[in-house]
Amino acid sequence: MTGTTSILNKLNITVAGNYQNNGGTFNNYGKFQTKGSINFNNGQAIINNYCRMISEGGINNTSGYVNNYGFMWAKASLGLGDIVNSGSITNGPIARVKSVTFKNTGTVTGSGYLYFTGNTVTTGVGTTGVTGITTDTIRIYDVTRTNPLTIYDNQTGIVNPNVVYKSFTAPDSNMAVVPGCSVEMNSQAPLTVTWDYFFVTLNNNIPALTWSAQYDPGTLFEIQRSYDGTNFYNIKNLASGNNKSVYNFDDDQVNSKSAVVYYRIKAIEPHGAQKYSETRTVKFSNKTGVTIQTTPNPFTSNFIINYQTTEEGTITIRILNVNGQQQLAKTVAANNSFNSFTITEAAHLPKGIYVVQISRNDRLISSEKIIKQ
């Protein structure tokens, strides 16, 4: 991959040889596996792994931006279970990284769990974690560590206080489902839940959800909503009832000023297995006189929000990462006409996917995805 090329994977991709990214964007919501190596060799390369990324020939990130929210594994099957990082790796809170050896001369931030069975090294300007106050904790377990006073076997780089050595069970390398995987991947898991139907209709501008399923007793239904079709959030949990197969829910808290809203149901069985319904959408006719556009998208430094409204007052602009963590917020005054706001603070954000939210009086007006390259 080079330049502005992009790949969006929601199922299974198996590469017979090596995979090399010299500047493209790869969004992985399914299973991506190579028989050879995985290489990110350009500072413009952006990799967003939400599910499973597996290499049998090692993973080398020389200058790319890797955002891992799922499971990243350098297998030892070819004797090359190595991860070498001189670029940037950011892990989400449920992320798992597994390999034999790990060498870091770049940056590792975020949170998640890093599991290594061989030699670990951080040298030179290699940095793990961040300084200052943060809620993120990076948990590293090096099975062969011999020095209890260090996190790495060879530690001459920078290791910040939010990095801890923690013993935990190895990630399940054959896991069928990873939180964050696509609906298509989750649906392949052999689960007891069987969806009969799921649909959403509008009743007086309120989305009415109705679904039917077959399931084990004790199953929990988690209702999820999204304003961009990618980032879903839990809005309600419904416990299953005995001998009940049809369920209803009215979402009277939805932001009806959004053009499109997405819904799905996650069924969680008593033994922990999960299965998603299909995703359904509803469309609202925006009669409020509010028009919002974010440009450019993707952006590299600053971006502009064009906002037209018939209401005068203040609005709040928030930028969240894909885990829902607020990265910045600002309050601006809006006229009852066309407004243009330049978000210069976005220049300090690392490359990745974000959600821009605009609200007035604590009510969400708009939410859309934006990418920084």
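A few notes on this one:
- Among Phe341, Thr331, Ile319 the positive-end extreme of the charge dipole of the range 291-372 (Cβ point charges): Ile319
- The structure shown yields log10 I(q)/I(0) by the Debye sum over Cα atoms at q = 0.07, 0.08 Å⁻¹, and of the options (1) -0.32, -0.42; (2) -0.44, -0.58; (3) -0.36, -0.47 that calculated value carries the label (3).
- Taking Lys244, Lys266, Lys35 in turn, the Gaussian network model of the chain (Cα-Cα springs below 10 Å) assigns the largest fluctuation to Lys244.
- Cα gyration tensor shape of the range 6-165, rounded if a/c is under 1.5, else prolate or oblate by comparing a/b with b/c: prolate
- Seen from all directions on average, the range 291-372 presents a Cα convex hull projection of 4.7 nm².
- In straight-distance terms, cross-link reach from Lys372 covers every one of the lysines whose alpha-carbon lies under 22 Å from its own, apart from those fewer than eight places away in the same chain; here that gives Lys10, Lys330, Lys351.
- MRE, 222 nm, helices only [DSSP H, n ≥ 4, -39500 (n - 2.57), over the chain, to nearest 500]: 0 deg cm²/dmol
- Straight Cα distances below 17 angstrom link Lys283 to the lysines Lys257, with same-chain residues fewer than 8 positions distant left out.
- Residues Ser86, Ser340 arranged by fewest to most Cβ contacts within 10 Å: Ser340, Ser86
- Lysines with Cα under 19 Å of Lys244, excluding same-chain neighbours fewer than 8 positions away: Lys236, Lys266, Lys275
- Viscosity 0.692 mPa s, temperature 37 °C, Stokes-Einstein D of the range 1-53 from Kirkwood C-alpha radius, µm²/s: 299 µm²/s
- Only Lys, Arg (+1) and Asp, Glu (-1) charged, at Cβ; the range 291-372 dipole about Cα centre in debye: 260 debye
- Unit charges at the beta carbon, dipole of the chain: most positive-side option, Pro298, Thr34, Tyr165: Thr34
- Between Thr194 and Asn297, the simple spin-label model (points 7 angstrom out along Cα→Cβ) gives 4.1 nm.
- Gyration tensor verdict on the range 191-283 (Cα atoms; rounded if a/c is under 1.5, prolate if a/b is larger than b/c, oblate otherwise): prolate
- Surrounding net charge for Thr314, when Lys and Arg each add one and Asp and Glu each subtract one, Cβ distance under 15 Å: +1
- Each Lys and Arg Cβ is given +1 and each Asp and Glu Cβ -1; about its Cα centre, the chain then shows a dipole of about 240 debye.
- Among Trp195, Trp73, Trp211, sorting on how many other beta-carbon atoms sit within 10 Å of each Cβ, with the fewest leading, yields Trp195, Trp73, Trp211.
- Prolate/oblate/rounded call for the range 51-118, Cα gyration tensor, a/c under 1.5 rounded: oblate
- Simple point charges give the picture: +1 on the Cβ of Lys and Arg, -1 on the Cβ of Asp and Glu, and for the range 6-165 a dipole about the Cα centre of about 380 debye.
- Fewest-first sequence of Asp82, Asp172 by Cβ atoms within 10 Å of each Cβ: Asp172, Asp82
The numbers here are math on the coordinates, done by the rules we state, and not lab data. Since we're looking at a predicted model, the values are computed, not measured. With ideal geometry, Cβ positions are generated from the backbone for all residues, glycine too; neighbour counts draw on all protein chains shown.
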